[in-house]
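To keep things clear, I will list the structure first and then write my remarks on it.
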Amino acid sequence: MNMTRLLAAFLAVFAVLLTGHAAEATPRERIGFGWLTTNDIGGDFHDRWQTGSLTTSRVWGPGWSGRLPQGFGEVLELRLGGRIVSPQNLTNPAPGDRPFAGVLSVGLHTHFARGPMDFAVGVDVNVTGPQTGLDDFQRNLHDILGGRDISGRVRRNQVSNDVNPELVMEAGRSFDMGGNAEFRPFVEGRWGFETLARVGFDLTIGQRGRDGLLVRDTVTGQRYVAVQGVEAPGASFVFGADVAYVDSSQLLNRDRGFQLTDARTRVRGGVNWQGKGGRTIFYGLTWLGEEFEAQKESQLVGSLRLRLRF
């Protein structure tokens, strides 16, 4: 059985597991939408490595009561994303720097609770290579906005055409710290496109996401609101950090001679402002540690989300 057939079979089984429970439950409706865009220009003003991404989430469920249901498959999230990683120099990269890669992804996830714990389980399908068209998108964007051109050498050496599934699981528990502060340690595992184990925490001070559903961004670990909770005007702040042991990555394949770092570290913070009528603006910064031994330094990226109503 080739990878495509294996992937199709895996997704079919997962979909049956999700929809099987839903057939016995209340019919679903769309209960939320969220997105987050991240770019290196919004952090340390460079254009390198984890250079840009966009993730969107559409969520369906049997209404929203302010808490996750106990049932696996009751709340479903369709996640779509695009991501570009690149060497530090798009024209003449240094020996050993990472190859350019465009990644398009689609995933199906379910969110549920068991006692005081909350869980997110899902499968993403990641498409890479020139077939994504993201190398052309990057070139055209630089033609319009300015920036280095992608050389023919970089395009020829980019991560090749492929399709890779990825199983994602996260478990966390929130603790009320008083004073409108919430502390949430979590663990995460990924198998497939990237295989890793991660442990970390999130700290929220204010109303952001209270009684809503927050979804974690793959690149930064920033959590963005996918289902709106209590609408309380004002500012709130988020902080977080995590560290991961990475066993393998299709973006840094050992067959190309890449040696992964012993630990992949992220530290993040952000501020969310919410006005009357549900208008929100979120901006966050994330420090990303080195991902491979030849990477010369860490980087800082910025993330943005707007929710405007007129």
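Quick one: pull the percentage of alpha-carbon pairs in the range 30-307 with a separation above 24 Å. Result for the distance tail: 49 percent.
Scan around Phe292 for amide H atoms under 5 Å from its own, H built in the peptide plane at 1.01 Å from N, and keep only partners 5 or more places away or cross-chain. Amide H to amide H, under 5 Å and 5 or more residues apart or across chains, Phe292 pairs with Thr261. For the range 59-126, the normalised intensity computed at q = 0.12, 0.16, 0.23 Å⁻¹ comes to -0.51, -0.66, -0.94 (log10 of I(q)/I(0), Debye sum over alpha carbons, equal scatterers, no solvent). Counting beta carbons within 10 Å around each of Phe237, Phe282 and listing the fewest first gives the order Phe237, Phe282.
Given a cut-off of under 8 Å on Cα pairs at least six residues apart, what relative contact order in percent is computed for the range 249-310?
32
Taken as Cα centroids, the range 272-303 and the range 82-132 sit 16 Å apart, rounded to the nearest whole angstrom.
Per-residue ellipticity at 222 nm, computed for the chain from helices alone with -39500 (n - 2.57) per DSSP H run of at least four residues, works out to -3500 deg cm²/dmol.
Spatially, the range 185-224 and the range 30-51 are offset by 15 Å when compared through their Cα centroids. For the range 18-107, GluC sites (Glu not before Pro) are listed when DSSP marks them as loop and at most 14 other Cβ atoms sit within 10 Å of their Cβ; the list is Glu24.
Across the range 45-164, Cα-Cα distances exceeding 22 Å account for 47% of all pairs. 3J(HN,Hα) along the range 98-111: 5, x, 5, 8, x, 10, 10, 9, 9, x, 10, 10, 10, 10 Hz, from the Karplus curve 6.51 cos²θ - 1.76 cosθ + 1.60 with θ = phi - 60°, whole Hz, x for Gly and Pro.
Normalised by residue count, the range 171-310 yields a Cα convex hull volume of 113 Å³ per residue. The long axis of helix 3-22 is offset from the longest Cα principal axis of the chain by roughly 10 degrees. Over the chain, calculate the relative contact order: mean separation of alpha carbon pairs under 8 Å at least 6 apart, over the residue count, as a percent. Contact order relative to length: 15 percent. Here Ile84, Ile144 are placed in order of increasing Cβ neighbour count within 10 Å, fewest first, which gives Ile144, Ile84.
The phi torsions of the range 181-190, fed into the Karplus equation with coefficients 6.51, -1.76 and 1.60 and a -60° offset, translate into couplings of 10, 9, 10, 9, x, 8, 10, 9, x, 10 Hz, rounded to whole numbers, with Gly and Pro shown as x.
Where a number appears in this text, it was derived from the coordinates with a stated rule and is not lab data. All values derive from a computational prediction rather than experimental measurement. In this analysis, Cβ positions are derived from the backbone assuming ideal geometry, glycine residues included, and neighbour counts consider all displayed protein chains.
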